[in-house]
Amino acid sequence: MLKLSRLTDYAVVVLSRMGRDSEPLQSAPGIAARTGLAEPTVAKVLKILAQSEIVEGLRGARGGYRLTRPLSSITLAEVIVAFDGPIALTACVDGGMGGCESEHLCPVRGRWDPVNHAIREALAGISVADLAGGGCGASLSFTTDQFVAAE
């Protein structure tokens, strides 16, 4: 099973909440209160999101965090990579070497690359706004070809 980390899930919740609130600057305690997540968890998520330039932290008495761009331009793929690293089903993809003792004998070596590419493309086609509801009644549907945002 392909499974995202709990922090990645929390990051989507935090970003969704930030995108819905009218205040441009938001504090970690405020976000924690509005999401029901523990404040240390929210602080950790915001720190990682800031390192990935998805949010920006401003210091000082009137500081806080703000999105660097609208939720509609923040993709699920970006969030996953920020928390879980590169998106891949197996370690022996995209020219990777040395991850397996049988790599030179493997009959499927390199054949996972198209699968991983398709998954990355599908996740890059879904914005955090899509997951948050986007405020426009959008919902996600899955086809055998790709994920599609449907009205």
Exercise. Please get the size of the charge dipole for segment 1-46, origin at its Cα centre, with Cβ charges of +1 on Lys and Arg and -1 on Asp and Glu, quoted in debye to the nearest 20.
Key: 180 debye
Practice problem: Summarise the accessible area of segment 6-132 (1.4 Å probe, protein heavy atoms) by the percent that is carbon and sulfur. | Solution: 54 percent
Quiz item: Once the Cβ-Cβ distance between Glu103 and Arg6 is put in as r, and R0 is 35 Å, what FRET efficiency do you end up with, to the nearest 0.05?
Solution: 0.65
Self-check item: Accessible area (Å², per residue) of segment 6-132, counting only protein heavy atoms and a probe of 1.4 Å
Solution: 57 Å²
Quiz item: Length gain on complete extension for the stretch Asp113 to Arg59, per 0.36 nm per residue less the alpha carbon to alpha carbon distance?
Solution: 15.2 nm
Quiz item: Around Thr68, which amide H atoms from residues at least 5 apart in sequence, or from another chain, sit under 5 Å from its own amide H, with H modelled in the peptide plane?
Solution: Val55, Glu56
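The values are calculated or read from the model by the stated rules, or taken from the named source; none is laboratory data. On a predicted model such as this, the values are computed, not experimentally measured, just so you know. All Cβ positions, glycine included, derive from the backbone under ideal geometry; neighbour counts span all protein chains shown. Remember, those area values only see protein heavy atoms, side chains included, never the ligands or the DNA or RNA. Shrake-Rupley method; radii C 1.70, N 1.55, O 1.52, S 1.80 Å.
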